[in-house]
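**Q** Please see the structure below; I have some questions.
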Amino acid sequence: MKYMVKRWRKRLRALVHTDAVDRELDEELAFHIDMETDKYIRDGFHPDEARRKARVAFGAIRKHKAETRDARRMSWLPGVSLDLRLGARMLRKYPGLTLVGGLAMAFGIWIGAVTFELVGLVVHPTLPLPGGDRIVQIRLWDAESNDTEPRALHDYVIWQEALRSVTDLGAFQNVSRNVVADDGEARPASAAEITASAFRIATTAPLMGRTLVESDEQPGAAPVAVLGYDLWHRRFDARPDIIGRSIRIGDGYATVVGVMPKGFAFPVAHELWMPFRTAMANQSPREGPAITVFGRLAPGVSIDAAQTEVASLGKREANELPATHAHLLPQVKPYAKLFMEPRPQDMWLMLSIPLFAAMLLGLVCSNVALLLFARAATRETEIIVRSALGASRGRIIAQLFAEALVLGGVAAVVGLVAAGVTLDRWGHQYLAINYAMLPYWYDPHLSVATVLYAVALTAFGAAIAGVLPGLKVTNGLGSRLRNGTAGAGLRFGGVWTAVIIAQVAVTAAFPAVAFIEQRELWRAEAYDVGFRAEQYLGVLVEMDAVSGSDVSGQKDTAAHGARYAATLEEMRRRLEAEPGVSGVTFVDRLPRMPHHYRSVEVEDASGIAQSSGVAASSRLGDSLTEVSAAMIDPNYFDVLERPLLAGRAFNNADATSDAHVVIVDEVFVMQVLHGRSAIGQRIRFVAPTGPKADAPVAPGPWYQVVGVAKDLGITSLTHRNRDRGIYLPADLASTGPMYMTVHVKGDPMALVPRVRAVASTVDSSLRLSEFQRVNEVQSEVLWFLSLWIRITLLLTAIALLLSLAGIYAVMSFTVARRTREIGIRVALGASARRMVASIFRRPLTQVSIGVVIGSALAALLLVVTTGGGVSVSGALMMLGYAAVILGVCLLACVVPTWRALRVEPMEALRAE
Amino acid sequence: MPPRATQPDVLRGTLDLFILKALSLQPMHGWGIAQRLEQLSRDALRVGQGSLYPALQRLEEKGWIDSEWSATEQGRRAKYYDLTPAGRRALVVETAVWHGYVEIAELILRST
């Protein structure tokens, strides 16, 4: 083992440091001549004569050097490089196989690389900071609710004083603040109120100015802010004189003291940093704002040691404050894993993805193996001759492996380039859809680890595609050589048959998956919101909480709500005065979005409807009705230009809490009331029955139905069935952030700058986000679906291509093997029909079995996903597709069959 | 390791065997090996340097010998060769193969 490692090191050195190795050889030969010269001198020759004789005895130095160098390299490198050159030649000689096999392998490597990169990001994220793996988060885990307790200020103060194993303890709190740029426009920025220690931990120097320091956190300190690189570019035109300027942030001003370099977005995905000025002294346990606590492990301390110390502090707290801390367990976690930690039960799923990719590649490569085997079989004579000339079995297998490796190498380059493009273009988007605030270190691109993984995959694939056929084709080579029965020993056995059948089955079943996805897409695209949504602009309107160091109490909340409501009214007034705007309304969720789910119970209406199952059972309270609820402004239906079908709309008085009125939609009337008149019915909200709901839940007050609306997109785009909808009057002051819906003549998006401008003049602390046409709400769902459809179709195409190539290869091979037999049978008078039938029988059986299995799978999939039977047209489509697959596969048999029938009997007999 | 078929180039094969034999006693540099072979053959065999160094490279590549730069008794830097465990095994096998070959040759040559 020791010598083997050493030998390979020397080989590598001979490859890389050619000059040094050559110099050593010179030195060695010079030493030899010197020794020889010394010997002659000892024999009594004059030194000059001795040297001359030694040189003559040595002979042509240059020639020896060349020979020695050859001996060094000949023995292995040319062997390998010859194999590789042969492999490259094979690529050119069999372009069809190169294309099919290469594409298939490239596809497998592409899938493998992309999934590996994404899974790697999630399972093993790394913080792109010096010593990032030693940065930790300390969080409070509530064992009772099985969730984190973010209100950790009280504990943060304790940790700050007592903890020894974690240094530079810091905290931050997410805030979103409007930043007013030079042009006066206010736009939200993702900001963090963060302790100065964060910048010590991050060890990133500012691009300009300074970072935050401890003195900024003092109560009387002047308000300061540090800008992110992108924010500085985007909003302040990268002005170099930004430092020292006072800018408007939310409803206050702050002096810019620094700009951070590009790519820095610590702690999560932030672009604006302000001092953490929350009053920390005497903070009650489990109260105050939601914060995140972080720090750096002290030198030499392991995360387990830190966990032990934190746990002992936690135990002490639990003893002292049993009311709040009995179930709280402080935990130390690697910081990078904080925001996307897969649950333990999901871990195997995450890890199974690369495994699945490897299996996919294995399947693909066993197909390529089939093709290479067929090719190797046609080259059997060459292989036998080489074997006769002394090539060992290992040598021949190595050659086939090298050929597969060349093919795999080309495929790997193609696959990796494709993976790189995929990750760069779609990777970030893909992750961002799944996570609200994507941490900045989740930046998918082709990493070194992924490239290495792809190289390993390639070697694995080449081993399957090259070694398997090599083993098979060289098996019993000696006996074949002796018996002179070339080809008799080669057969496509059960494994290959199974591979082909599986292939065809997959090909037949894949379109069902694509169809299911396409159907979802169609459904989502055809989603009818019930009004002309393309004429409406939707935008989320939020307002910064009243700034100040106090933790806002009840009074502040009420004041803030009143201010918010007044501001919305002012926005409405001004926007309605804009040209082209015909109405403005507010709602808590835009159509097509997922709405709040509530459980309701319908009052048994005056005894008449006793027969109604719903009414009867609702009295028992065991069949609660789930509804989607929207909070709306009174003029909602007017602005949407969809008047109520019955009853009245809300008026301004309804929003006060004791009115208790509700509007239901037509789906509710149909499904819950079974078409009975809704006006005057009463419903009430019931807490959904949970696992601990044995005790009777006190239901809320009764709400009277005053109106019936059309179905106006209250169902989430992702839901297959229409939700029953109810509308409640919104109190703008207390409902929370609202979506403003503006009815616009012309392109709604053209109004966006005006809306921003109006918002800035009304109140610069108004934060507007999620500008979108209402008919495009949730359109990322469509993007996601179409992405999957494309991937599925690609999979289908690859599977089909491989099946065809495989069947073609097997058929060509079989016909070539049976040339003599066919010739004899034709010579003996067998009819062409008989011959065709005999040739076709086997592939026909294989393809048929595959199609039947695949169709059954597809049917099963369709039945399961639709939850019912398959329609006649669907069944016909499937049958049609199966027929097409069968036909296309048989098409692959045509050329070999035609070749077989053209076999001249005499030629066939002479062939042996 | 199973005995390999004798190479068509008998001389080359025997030179390899002789080098292994020479090195089985102690590590040596190239010139020393040539001297030792001359001495062992009582000056009957003069090893051409043109075959010696390629043979050393070949054997090293096979993993039968290993090389290391170190100082000679005179304090000069020289490349010393030594047998590896695989080389020791090969010496035994190749010696057996050689004896077998000689026996066969004898049989054939005497039969006439």
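**Q** Per residue of the protein assembly as shown, what 222 nm ellipticity follows from adding -39500 (n - 2.57) for every DSSP H run with n ≥ 4, rounded to the nearest 500?
**A** Details: 33 runs with 537 residues, N = 1024.
Roughly -17500 deg cm²/dmol at 222 nm, from the helical runs in the protein assembly as shown.
**Q** Can you list residues whose amide H is under 5 Å from residue A:777's amide H, if they're 5+ apart or on another chain and H is modeled 1.01 Å from N?
**A** none
**Q** Provide A:893, A:365 in ascending order of the number of other Cβ atoms located within 10 Å of each residue's Cβ, fewest first. Before the final figure, lay out each step's value.
**A** Values: A:893 24, A:365 29.
Neighbour counts put them in this order, fewest first: A:893, A:365.
**Q** Please turn the phi angles of the stretch A:721-734 into ³J(HN,Hα) values with the Karplus equation 6.51 cos²θ - 1.76 cosθ + 1.60 (θ = phi - 60°), one per residue in order, whole Hz, x for glycine and proline.
**A** Karplus-based 3J(HN,Hα) across the stretch A:721-734 equals 9, 5, 7, 7, x, 10, 10, 10, x, 8, 9, 4, 7, 10 Hz.
**Q** Related question: Excluding residue A:865 itself, calculate the net charge of residues whose Cβ lies under 13 Å from the Cβ of residue A:865, where each Lys or Arg counts +1 and each Asp or Glu counts -1.
**A** Details: positive: A:519, A:523, A:720; negative: A:517, A:520.
So the environment of residue A:865 carries a net charge of +1.
**Q** In units of 2.2 N^0.38 Å, what is the alpha-carbon radius of gyration of the stretch A:361-453?
**A** Details: Rg = 20.6 Å, N = 93, 2.2 N^0.38 = 12.3 Å.
Taking the Cα Rg and dividing by 2.2 N^0.38 Å, one obtains 1.68.
**Q** I need the helices of chain A that pass two filters: whole DSSP H segments spanning 30 Å or more by Cα along the axis, and mean Kyte-Doolittle score no lower than 1.0. The partial results should precede the final answer.
**A** Working: long enough: A:18-42 (36 Å, -0.85); A:95-123 (40 Å, 1.80); A:344-378 (52 Å, 1.43); A:393-422 (42 Å, 1.54); A:494-525 (46 Å, 0.83); A:554-576 (33 Å, -1.18); A:779-817 (57 Å, 1.64); A:832-866 (48 Å, 1.23); A:872-901 (42 Å, 1.84).
Within chain A the helices that satisfy the rule are A:95-123, A:344-378, A:393-422, A:779-817, A:832-866, A:872-901.
**Q** Then there's this: Under 12 Å from the Cβ of residue A:91, count the other residues' Cβ atoms, weight Lys and Arg +1, Asp and Glu -1, and hand me the total.
**A** Details: positive: A:85, A:89, A:92, A:93, A:375; negative: A:403.
My count for the surroundings of residue A:91 gives +4.
**Q** Cross-link partners among aspartates and glutamates for residue A:333, C-alpha distance below 19 Å, same-chain residues fewer than 8 apart left out?
**A** Output for residue A:333: A:133, A:142, A:147, A:149, A:155, A:168, A:304, A:309, A:341, A:346.
**Q** Given Cα pairs under 8 Å that are at least 6 residues apart, what percent is the relative contact order of chain A? List each step's numbers first, then the result.
**A** Values: 1448 pairs, mean separation 136.1, N = 912.
Relative CO of chain A lands at 15 percent.
**Q** Residue B:79: which lysines have alpha carbons under 17 Å from its alpha carbon, excluding same-chain residues fewer than 8 sequence positions away?
**A** A:6, A:10, A:65
**Q** If you don't mind, another one. For chain B, what's the relative contact order in percent, using C-alpha pairs closer than 8 Å and at least 6 residues apart?
**A** On the way: 106 pairs, mean separation 33.7, N = 112.
With pairs under 8 Å counted, the relative contact order is 30 percent.
**Q** Same structure again: Restricting to Cα atoms and excluding each atom paired with itself, what does the Kirkwood estimate give for the protein assembly as shown in Å?
**A** Working: mean 1/r = 0.0270 Å⁻¹.
Kirkwood radius, the protein assembly as shown: 37.1 Å.
**Q** Sticking with this one: Amide H to amide H, which residues 5 or more places from residue A:179 or on other chains are under 5 Å from it, using H placed in the peptide plane?
**A** Long-range HN contacts for residue A:179: A:187, A:189, A:250.
**Q** Extent of the stretch A:311-470 along each principal axis, from alpha carbon coordinates, in Å, largest to smallest?
**A** 87, 34, 22
**Q** Hey, fewest Cβ within 10 Å first, where do A:3, A:881, A:527, A:597 land in order?
**A** On the way: A:3 16, A:881 19, A:527 22, A:597 11.
If I rank by nearby Cβ atoms, fewest first, I get A:597, A:3, A:881, A:527.
**Q** From the C-alpha coordinates alone, can you work out the Kirkwood hydrodynamic radius of the stretch A:207-273, in Å? Spell out each step's value before the answer.
**A** On the way: mean 1/r = 0.0822 Å⁻¹.
Every distinct Cα pair counted, the radius reaches 12.2 Å.
**Q** Taking 8 Å as the Cα distance limit and 6 or more residues as the minimum spacing, I'd like the relative contact order of the stretch A:93-234 as a percentage.
**A** On the way: 93 pairs, mean separation 19.0, N = 142.
It comes to 13 percent, rounded to a whole number.
**Q** Output the 0 to 90 degree angle, nearest 10, between the alpha-carbon long axis of helix B:30-40 and the longest principal axis computed from the alpha carbons of chain B.
**A** Long axis of B:30-40 versus the principal axis of chain B: about 50 degrees.
**Q** For residue A:337, which lysines qualify as cross-link partners when the Cα separation must be under 29 Å and same-chain residues fewer than eight apart are set aside?
**A** List returned: A:262, A:315.
**Q** Another question about this same structure. Using θ = phi - 60° and the Karplus curve 6.51 cos²θ - 1.76 cosθ + 1.60, what whole-Hz ³J(HN,Hα) does each residue of the stretch B:72-85 get, with Gly and Pro shown as x?
**A** With the stated coefficients, the stretch B:72-85 comes to 7, 5, 7, x, 8, 7, 9, 8, 9, 10, 8, 6, 8, x Hz.
**Q** Sticking with this structure for a sec: With N set to the residue count of the stretch A:711-868, report its C-alpha Rg divided by 2.2 N^0.38 Å to two decimal places.
**A** 2.09
**Q** Taking the alpha-carbon centroid of each part, what is the distance from the stretch A:102-159 to the stretch A:793-814 in angstrom?
**A** 41 Å
**Q** Now for a separate question. Considering amide H positions built from the backbone, and no H for Pro or chain starts, which residues 5 or more places from residue A:679, or on another chain, come under 5 Å of its amide H?
**A** Counting only residues 5 or more places away or on other chains, the set is empty.
**Q** Please list, short to long, the whole-number percent of alpha-carbon pairs of the stretch A:65-193 in consecutive 5 angstrom bins beginning at zero.
**A** Taking all Cα pairs of the stretch A:65-193, the binned fractions are 2, 7, 7, 8, 9, 9, 8, 8, 7, 6, 4, 6, 9, 6, 3, 1, 0 percent.
**Q** How large is ³J(HN,Hα) for each residue in the stretch A:588-597, as worked out from phi by the Karplus curve 6.51 cos²θ - 1.76 cosθ + 1.60 (θ = phi - 60°), to whole Hz, x for Gly and Pro?
**A** Values, residue by residue: 7, 9, 6, x, 6, 7, x, 9, 5, 8 Hz.
**Q** Another question, if that's okay. Could you tell me what % of all Cα pairs in the stretch A:177-288 have separations over 21 Å?
**A** Distances greater than 21 Å cover 33 percent of the Cα pairs.
**Q** Taking the Cβ of residue B:77 as the centre, find all other residues whose Cβ is under 14 Å away and add up their charges (Lys, Arg: +1; Asp, Glu: -1). Before the final figure, lay out the partial values.
**A** On the way: positive: A:23, B:76, B:79; negative: A:24, A:26, A:27, A:28, A:34, B:68, B:73.
So the environment of residue B:77 carries a net charge of -4.
**Q** Still on this structure, please answer the following. In debye to the nearest 20, how big a dipole does the stretch A:135-254 give about its Cα centre with +1 on each Lys and Arg Cβ and -1 on each Asp and Glu Cβ? Display every interim value, and only then the final one.
**A** Numbers: 12 positive and 18 negative charges, 82 e Å.
It works out to roughly 400 debye.
Taken together, the values in this text are just the output of simple stated rules run on the coordinates, not laboratory data. Please read all numbers here as calculations on a predicted model, not as lab measurements. Cβ sites come from the backbone with ideal geometry, for glycine too, and all protein chains shown count toward neighbours.
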